[in-house]
Amino acid sequence: MNILKTRFQVYDALLAAARGDAPADLALRGGRMLNVMTGEILSGDIGITHGFITSVMGKNIAAKESLDISGLIALPAFIDPHVHIESSMVLPPAYAEVAAANGTGTILADPHEIVNVMGVEGFSLMADNAADLPVRFFFDIPTCVPAKRQAESSGAEIGAAEVRQMAQRGGRKLGELMSYEEIIANDAVLAEVVKTGWELGLPRDAHFPMFDVLGGVFNQLNPLQKIVVFGGMLAAAGLRLPGLAALPYNILAQALRRASYPALNAYLTALGITADHETYGPELQVKLDHSMRLMLSSHVFSFAPMTPLLLQGVRRMRYKDAIGLCTDDIWPDQLLEKGGLVGVMRDLTAAGLEARDVVRFATLNNAQRLALAGMAEAAYLGSLAPGCVADIVLAAEPLRKFDIRLVLHEGKVVAENGKVLQPCPPPGIPAAALETVRLERLKLDDLRIAVPKAAGSTARARVLVLPKPPELPFPQLVEEDVPVVDGWLDTSGYVTIATLNRYGKGSGVPSLGLIRGYTLRDGAVASTLAHDSHNLVVLGSNPQDMLTAANQVIASGGGMAAVQHGEVLASIPFPVGGIMRPGSVAEAAPLAAAFRKAIGALGLDPSSPILPFAIFSLPAAPGAKVTDRGIWDGDHRRLVEVLVQ
């Protein structure tokens, strides 16, 4: 329903039910409710009329129907303010079935991935498939497409005109403004995008990682401080004793506070009220010091030694109103296992945060931030209060397990015991979404690096190298002498990466690079799900397996493939936009699990199956990358070739 319009239309009926002059449509009786304003668990009936709450803590309120919720705790349905549905490999109806069953009532989806592929029509593909579902969808307007214009090409370019088009099609918020360097520098394109958001009254989401700042601060510590910090991080993570993170956090927070942050000042001046989901450790303190709100995402556990420091920062806050939660990206097998946002909540509670705080993060805090930033409907979400929308989760005790038994959406029961009561409709998919991989089959020589005839037995080449811990895992660019055999670089001992524009915009020949010391021992992987431009990216120990993997993906019209000794170990076809499938999460999940298993056999980390493609090809992240346009030297912000001239 349209929350504001409906609330006005049924105003008189709501008021009559609230006064007790008319029966409520439904009364939830016999349970208790969490007051997210005070953190108390209270007793009494909850009255619901026309999809809105009209009474709480009631005593035998009159109602047309009753639902016995004895033994259950009523919570506001969860609000996921930042998620890329495409990362779950499905369209909104399939995602909604899992999210609704696990207590999410409102999703603000950022279709950044499909808009990189299809532009404004990709936005419409998602928005047109989001009506009449057991979850309320709002859509962000993707802003940074491509994310690094001088470094890569994608299937579309988004500027102020396209922002206006997506706003006219229902866009409610500017999606993550990840091109922060360009925004700070007042780049003409990004400046107009941000200004257009202000003009249209759209909230603006942040993306402001501070890995470089953290690394610089750590390197400036004295030897004893480094031992205490590094040892405390490992001990707190390994022994699961949160208190061990206190001293390392204090050391790093104090060091961070001695610096000044003009870049952050400029970024926040541009965006205004915002929330950032790229926070992984004690840099939380700097962002909060600058009144930046945060969204803890499913990725906060990706950097395990840092997680205790991040959570220590949350625990020590006197006021926790600035902390929200989001999912961001989640693969279908994890979505099925964890349930989306509730999985983040369970993980945070298991890591030591108080369950009642975590509920508030996922409900009231998310809602109030959005309302404050200009999204009027959000003021009526996130709380079990008279006048608010009756999006309600009923969970069994103890609360910390988030064992969800019933879910109500707009006053109607939509899910029970982890299953939606009615299947969602199949998606509608336009023909254009099925024709986004415009590539011919590759040849073996496309994946080999030719050397000019004048070269000797070796050639000077640029090589990507991952630093060793405790340095953060962002590739550094070095120069090395590589053997030459029959006019080609001898890449044995290296991993080769190839990135190829798949939108018909390039030469049809991939950009090539070398990686030293990476964990890929044997075989190859290829994918058109490769953040953020979603070009075809291939990594391999030998060109023959790379060729097999690449051509498998091309033949599938997009997808992922893992190959070893010429055998396809796993393949996930993505016919929709080269990044999604038309079916259910349950259908996509076993394909994702099989791909994880396959890349594990090749030496890659199965817990992060997208990482190989992003860490070496996403120029919006720090470090050197190989994009469809060449090797991006992140330190000097320029494109270079693999061979040093």
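Restricted to the range 472-496, and to residues that are free of Cβ contacts under 8 Å to residues at least 40 places away in the same chain and within 34 Å of the chain's Cα centre (by Cα), which residue is surrounded by the most Cβ atoms within 10 Å (Cβ to Cβ)? Only one residue fits best here, namely TYR494.
Taken over the range 215-239, residues that are hydrophobic (A, V, I, L, M, F, W, C) and in contact (Cβ under 8 Å) with a residue 24 or more places away in the chain amount to 8.
Checking each residue in the range 594-634 for being open to solvent by 40 Å² or more (accessible area, probe 1.4 Å), touching a Pro at 6+ places or on another chain (Cβ under 9 Å) and either of a type in the set (Gly, Ala, Ser) or touching a residue at least 12 places away in the same chain (Cβ under 8 Å) (or both) picks out LYS597, ASP605, PRO622. Residue count for the range 571-590, restricted to those that are surrounded by fewer than 20 Cβ atoms within 10 Å (Cβ to Cβ) and among the aliphatic types (A, V, I, L, M): 1. Where strands (runs of 3 or more DSSP E) fall wholly inside the range 588-645, the ranges with 1 or more residues that are at positive phi are 630-633.
Can you find a residue in the range 123-131 that is over 30 Å from ALA586 (Cβ atoms), open to solvent by 30 Å² or more (accessible area, probe 1.4 Å) and either of a type in the set (D, E, K, R) or not in a strand (DSSP E or B) (or both)?
Keep residues of the range 123-131 that are over 30 Å from ALA586 (Cβ atoms), which gives none.
So far as the range 123-131 goes, no, none of its residues is over 30 Å from ALA586 (Cβ atoms), open to solvent by 30 Å² or more (accessible area, probe 1.4 Å) and either of a type in the set (D, E, K, R) or not in a strand (DSSP E or B) (or both).
Where strands (runs of 3 or more DSSP E) fall wholly inside the range 425-509, the ranges with 1 or more residues that are within 30 Å of GLY119 (Cβ to Cβ) are 495-500. I'd like to check something: does the range 344-361 contain any residue that is without any contact (Cβ under 8 Å) to a residue 40 or more places away in the chain and among the charged types (D, E, K, R)? Yes.
Scanning the range 133-164 for residues that are open to solvent by 10 Å² or more (accessible area, probe 1.4 Å), in contact (Cβ under 8 Å) with a residue 40 or more places away in the chain and either more than 24 Å from SER511 (Cβ to Cβ) or in contact with a Cys (Cβ under 9 Å, 6 or more places away or on another chain) (or both) yields a count of 6.
One line per residue, one yes/no per condition, for (1) of a type outside the set (S, T, N, Q); (2) within 36 Å of the chain's Cα centre (by Cα); (3) open to solvent by less than 10 Å² (accessible area, probe 1.4 Å):
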position	(1), (2), (3)
TYR11	yes, no, no
ARG29	yes, no, no
SER66	no, no, no
TYR95	yes, yes, yes
LEU108	yes, yes, yes
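From the list GLY557, GLY513, which one is open to solvent by 10 Å² or more (accessible area, probe 1.4 Å) and either at pLDDT 95 or above or in a strand (DSSP E or B) (or both)? Criteria check complete, one pass: GLY557.
Checking the range 536-554 against the condition returns no match, with no residue being of a type in the set (Ser, Thr, Tyr) and under 15 Å from ILE631 (Cβ atoms). Note on the range 165-193: residues that are under 18 Å from VAL117 (Cβ atoms) and open to solvent by 30 Å² or more (accessible area, probe 1.4 Å) amount to 2. Does MET375 meet the test of being surrounded by 23 or more Cβ atoms within 10 Å (Cβ to Cβ) and among the hydrophobic types (A, V, I, L, M, F, W, C)? So MET375 fails the test.
Quick check: is even one residue across the range 365-384 assigned to a strand (DSSP E or B), touching a strand residue (DSSP E or B) at 6+ places or on another chain (Cβ under 9 Å), of a type outside the set (Lys, Arg) and more than 26 Å from ASP205 (Cβ to Cβ)? Can you show your working first?
Start the filter on the range 365-384 by keeping residues that are assigned to a strand (DSSP E or B), which leaves none.
No, the range 365-384 has no match at all.
Exactly one residue among PHE52, PHE78 is buried (at least 22 other Cβ atoms within 10 Å of the Cβ), in contact (Cβ under 8 Å) with a residue 12 or more places away in the chain and touching a Cys at 6+ places or on another chain (Cβ under 9 Å), and that residue is PHE52.
Only residues that are over 19 Å from ALA270 (Cβ atoms) and of a type in the set (A, V, I, L, M, F, W, C) were counted in the range 151-178, giving 4. Could you tell me how many of the residues in the range 388-417 are assigned to a helix (DSSP H, G or I) and open to solvent by 30 Å² or more (accessible area, probe 1.4 Å)? Of the residues in that region, 2 qualify.
For the range 13-23, the count of residues that are open to solvent by 20 Å² or more (accessible area, probe 1.4 Å), out of contact with any Ser or Thr (no Cβ under 9 Å at 6 or more places or on another chain) and of a type in the set (A, V, I, L, M, F, W, C) is zero. For the range 418-450, the candidate set comprises residues that are of a type in the set (Val, Ile, Thr) and touching a Ser or Thr at 6+ places or on another chain (Cβ under 9 Å); within that set, the residue that is most open to solvent (accessible area, probe 1.4 Å) is VAL437.
The values are calculated or read from the model by the stated rules, or taken from the named source; none is laboratory data. Keep in mind that what you see is a predicted model, and the values were worked out from it rather than measured. Quick reminder, even Gly has a Cβ in these numbers, built from the backbone with ideal geometry, and neighbours come from all protein chains shown. Heavy atoms of the whole protein, side chains included, go into the accessibility calculation; ligands, DNA and RNA do not. Shrake-Rupley method; radii C 1.70, N 1.55, O 1.52, S 1.80 Å.
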